[in-house]
1. For the stretch 1-103, run through the trypsin sites (Lys or Arg not before Pro) and keep only the ones in DSSP coil with at most 10 other Cβ atoms within 10 Å of their Cβ.
2. Output the antiparallel fraction of DSSP beta bridges having both residues in the chain, as a percent to the nearest 5.
3. What 222 nm value per residue comes from the helices of the chain, counting each DSSP H run with n ≥ 4 as -39,500 (n - 2.57) and dividing by all residues, nearest 500 deg cm²/dmol?
4. For ASP249 and GLU74, what is the calculated FRET efficiency with R₀ set at 30 Å and r taken between the beta-carbons, to the nearest 0.05?
5. May I ask you to list, by number, the DSSP H helices of the chain whose Cα span along the axis is at least 27 Å and whose average Kyte-Doolittle hydropathy reaches -0.5 or more?
6. Using 0.36 nm per residue, how much length does the chain from ALA133 to GLU208 gain when fully extended, once their Cα-Cα distance is taken away?
7. Using a cut-off of 14 Å between beta-carbons, work out the net charge of the residues near ASP4 (Lys and Arg +1, Asp and Glu -1, ASP4 not included).
8. Mind jotting down the distance between the C-alpha centroids of the stretch 70-106 and the stretch 184-223, whole Å?
Amino acid sequence: MATDVVDAQVEVAGLDTHYVRAGHRGPAIVVLHGGAPGACAMVNWGSNIVPLADAGFDAIAFDQPGYGGTANPEDYSMDFRVAHAKAFIGAMGLARFHVMANSQGSYLAARIALDDARVDRLVLVSSGTLAPAGSPEAQAIARQHGQDLGSYEPGLENMRRLSQGTLFRKELVTEEFVRLRYEMSIGRLHEASNARRNAPRPNPITAELVNLRPYTLLLSGLHDAGVPLERTQLLFSLLPHAEWHVFSDAAHWVQWDQAARFNSLVADFLGSATD
């Protein structure tokens with residue numbers, strides 16, 4: 001039987017907000033995408049939502065303000081994105097839930113988990129915004145990664161090149177993938193991307209991570225062009241309850257490069273929360 005996937009809109013923090021939900025039974029997973037051009041629930045997590053639902057979870061992924069099918073906000077700060085995410089969780093009426101996030105979304109996930117006792121477990125993928133800055137070499141890599149993302153101008157070939165840097169397995173950069181991600185980077189969504197670059201930088205929460213109560217799974221790709229393993233190791237050392245898995249054949253979007261193994265690891269990790 002095919003898994004039922006709801007594709008819907010809900011008003012959250014004054015914004016028409018798009019989300020997808022699959023499974024509808026079992027423990028809830030709130031899924032947060034990153035901040036790169038073309039990011040949204042189905043671009044970032046299209047290989048994971050249905051498999052996790054099939055594994056017995058209620059998988060809920062939404063588009064953040066100014067991404068995908070969610071309206072552009074007046075406030076492009078990270079603080080508003082955090083507030084919007086919290087309000088979305090409230091709108092879903094969840095009593096208890098896991099949070100899974102990649103890249104910039106991991107910062108939002110940690111902020112939520114620090115404030116909300118209902119969070120059970122965390123899964124953080126390629127956590128550049130959340131991780132400590134690291135060595136001068138690591139900082140230079142992060143700056144270059146930010147410049148590469150910031151210099152993107154909408155175009156199918158530009159999106160193809162960008163995606164080939166996001167993924168290790170180049171065969172996954174299909175015409176369908178490129179077109180969908182491109183369509184999520186044009187018009188008002190490109191305007192939102194430009195506005196975010198002028199928004200205040202997020203407040204570091206490194207000193208607060210020692211208070212992060214939920215058990216956390218970190219996942220990294222060896223060939224991540226934006227987040228060297230050095231930085232994730234520093235993040236790992238700060239978390240009081242964590243484990244860390246590294247994929248040799250993966251880059252920044254581990255959840256695409258190694259989807260089957262990723263889904264298995266996440267399902268096992270989250271499923272053991274009630275053991």
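1. Details: sites: ARG21, ARG25, ARG81, LYS86, ARG96; in loops: ARG25, ARG96.
Taking the stretch 1-103 and a limit of 10 other Cβ atoms within 10 Å, the loop trypsin sites (Lys or Arg not before Pro) found are ARG25.
2. Working: 12 of 37 bridges.
Here the antiparallel bridges make up roughly 30 percent for the chain.
3. Numbers: 11 runs with 109 residues, N = 275.
Helix contribution divided over all residues of the chain: -11500 deg cm²/dmol.
4. Working: r = 42 Å, r/R0 = 1.40.
E between ASP249 and GLU74, to the nearest 0.05, is 0.10.
5. On the way: long enough: none.
Passing helices, by number: none.
6. Numbers: separation 75, 0.36 × 75 = 27.00 nm, distance 1.55 nm.
Result for the pair: 25.5 nm of gain on full extension.
7. Numbers: positive: ARG21, ARG25; negative: ASP7, ASP54, ASP58.
With Lys, Arg at +1 and Asp, Glu at -1, the net is -1.
8. Taking the Cα centre of each part, the stretch 184-223 and the stretch 70-106 sit 11 Å apart.
Where a number appears in this text, it was derived from the coordinates with a stated rule and is not lab data. The structure displayed is predicted, hence computed values, not measured ones. For neighbour counting, all protein chains shown are included, and Cβ atoms are generated from backbone atoms with ideal geometry for every residue, glycine included.
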